[in-house]
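The values are calculated or read from the model by the stated rules, or taken from the named source; none is laboratory data. Fair warning: this is a prediction, and the values are worked out from it, not measured in the lab. Cβ placement follows ideal geometry from the backbone for every residue including glycine, while neighbour counts extend to all protein chains displayed.
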Amino acid sequence: MLSDPFQIQRELRYGAPVCDEILTGRYFTIGYSWYFRQAKWVLEIINPNAHFEWEVERRDNFRADIRVPRRFRGGLKAYKGSGFDRGHLVASANHDEREIQNSETFLLSNMSPQKPGFNRQIWRQLEMAVRELNNKKHILETYVLTAPVFYFDQKIETIGDEDEKYGIDIPVPHAFVKSILAEDHRGRLKLWTFEMQNKKLTGNLEDYLVSTYDAEQKVGGRFWDRVAGGDLHNQKRKPAKMWDLD
């Protein structure tokens, strides 16, 4: 009898959207989409073993995820010369306590094609801001769900050459969603969700806050479906401001 990943993986404590295949790792979980040949979502707790006192260097060992059948997975060849970055969904710097932990973030199942002006600027700023939230002394754990978004009323670009046997082209997401659920030492939950188009963006991070309900509609699944009581995922209003913990 197979074990239920929702009972084993700490990061799935508050739920996750549907997907084609769940890839459970040592430190985060990927909900994979065979159709899009990339993650439908990834879910993590930022540095869940923060009692470690050491940090490791970024591994940069990008590689295919052999847990995914070859005909449904992207490879390094697809990104070469494409003009797109191998954009992390679970950020490398979120998991830098042990070598194997950081290494897992470089699986291509944790990558989506991202425009360089997006990946290296505002997306990186958002990742850094989430780590700043996690470092606040009264925050116990920070859960982060990241998902590519495809707008089906727009043309979808692909990278990679069509392979005669496997068809390894990878669709380029139009945007990305990052939903952050923070739990404080009293067990109280706070939720922020961002949606950013996959292009060079300007402005403040707060400009990209959206209602979690609207983001769920675009991704196609409820993010935190195990949260009872307040039903945070059904709130249609935007949060008041960044990291408002009152």
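Which one of these is closer than 19 Å to LYS40 by Cβ and out of contact with any Pro (no Cβ under 7 Å at 6 or more places or on another chain): LYS190, LYS199, LYS218?
On inspection, the qualifying residue turns out to be LYS218.
From the list GLU132, GLU104, which one is farther than 27 Å from TRP34 by Cβ and of a type in the set (Asp, Glu)?
GLU132
Are any residues in the stretch 65-82 β-branched (Val, Ile, Thr) and in contact (Cβ under 8 Å) with a residue 40 or more places away in the chain, and if so, which ones?
VAL68 - this is the single residue of the stretch 65-82 that is β-branched (Val, Ile, Thr) and in contact (Cβ under 8 Å) with a residue 40 or more places away in the chain.
Would you please name the residue that is modelled with the highest pLDDT, looking only at residues in the stretch 67-102 that are closer than 26 Å to TYR143 by Cα and surrounded by fewer than 16 Cβ atoms within 10 Å (Cβ to Cβ)?
ARG67
May I ask you to verify whether SER92 is hydroxyl-bearing (Ser, Thr, Tyr) and over 20 Å from the mean Cα position of the chain (by Cα)?
No.
Take the stretch 188-204 and flag every residue that is in contact with a strand residue (DSSP E or B) (Cβ under 9 Å, 6 or more places away or on another chain) and hydrophobic (A, V, I, L, M, F, W, C).
Scanning the stretch 188-204 gives LEU189, LEU191, TRP192, PHE194, MET196.
Which of the residues that make up the stretch 106-118 are touching a residue at least 40 places away in the same chain (Cβ under 8 Å) and either surrounded by 22 or more Cβ atoms within 10 Å (Cβ to Cβ) or outside any loop (DSSP other than H, G, I, E, B) (or both)?
Residues satisfying the conditions are LEU107, LEU108, SER109, ASN110, MET111, SER112, PRO113, GLN114, GLY117, PHE118.
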